[in-house]
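One structure below.
The values are calculated or read from the model by the stated rules, or taken from the named source; none is laboratory data. All of these numbers come straight from a predicted model, not from anything done at the bench. Don't worry about glycine lacking a Cβ; one is built from the backbone with ideal geometry, like all the others, and counts go over all protein chains shown.
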């Protein structure tokens, strides 16, 4: 078992009274791959360092399998750590780099050899065991760093943006290896990143943090389809979610105001009657927007194509809407569909894909 419970944890740095983490509570289940995602400075790395025992906890508790570990150091928690920097010993060859934490624990020859060769095979490092880190490419060095972290069979694996400075091809390869290792070894893994594509590709669940506060935790599908607030809706997804000013007409209708009158949109589900007449924001993901060249009667608003971004198998259109705020909205269309700047189009939002926010909070 390797379950982690974080209960009402705070991290306040005394110098400058900086609150890095505020009242954070979550659970990472045994053998789960949890990604902590958020912008730079949002509290991700402080959270990871507290889990590792590298930072003191100001308030709250961290439990491993029900045991409070606040007072334990990294070695006593049996956590594996891998960071963006490889932190390899350049005077030791790859074999000795991987073996180092085992020898530090007093393990002897045959068992060390067995463990090193096992993890090297999993990470396809066998051909490099006699080589020195300085002669290896960055992707191989990072695999050595991962092997050294995992060779001890840790209770918990903590990864802090280990791929952030690598090129795209190497990142794709390494993240596939990391997920394979997680599954093969039955690890409990917490992975910190600001790269949502990386998090989505790897994780079982996402934990989204901003300004030290938990915003939402859930599966990718839950976070994508039911964002807890506008920050999550904006942060998850590329292109980002469209936000369009509107007014609640009734419990199942909202209206976008234009110079030619209201464009009424039907919703799936009911709003509380207290919101009737209230200014709100419609949220629609660009992937869910349907584009028509002819005027449609329901759930559509007109606009003019301003920017066309060709992206291989798809095209992203930026459309200046006819609403009173002259809002820009994006739509993703198949690359085979041809548009030119200045075209008038009609954007259709199906009732099921419309989200409604009042202030920062999701209300439907």
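Here are a few things to note about the model shown:
- Residues of region 61-81 classified as in contact (Cβ under 8 Å) with a residue 40 or more places away in the chain, in contact with a helix residue (DSSP H, G or I) (Cβ under 9 Å, 6 or more places away or on another chain) and more than 12 Å from residue 151 (Cβ to Cβ), total: 5
- Assessment of region 224-236 against the conditions (under 24 Å from the mean Cα position of the chain (by Cα), part of a strand (DSSP E or B) and crowded, with 19+ Cβ neighbours inside 10 Å) yields no matching residue.
- Taken together, the residues in region 253-291 that are part of a loop (DSSP other than H, G, I, E, B), out of contact with any strand residue (DSSP E or B) (no Cβ under 6 Å at 6 or more places or on another chain) and surrounded by fewer than 16 Cβ atoms within 10 Å (Cβ to Cβ) amount to 7.
- Test result for residue 199, in contact with a strand residue (DSSP E or B) (Cβ under 9 Å, 6 or more places away or on another chain), assigned by TED's automatic domain parsing to the domain that holds residue 74 and outside any loop (DSSP other than H, G, I, E, B): yes
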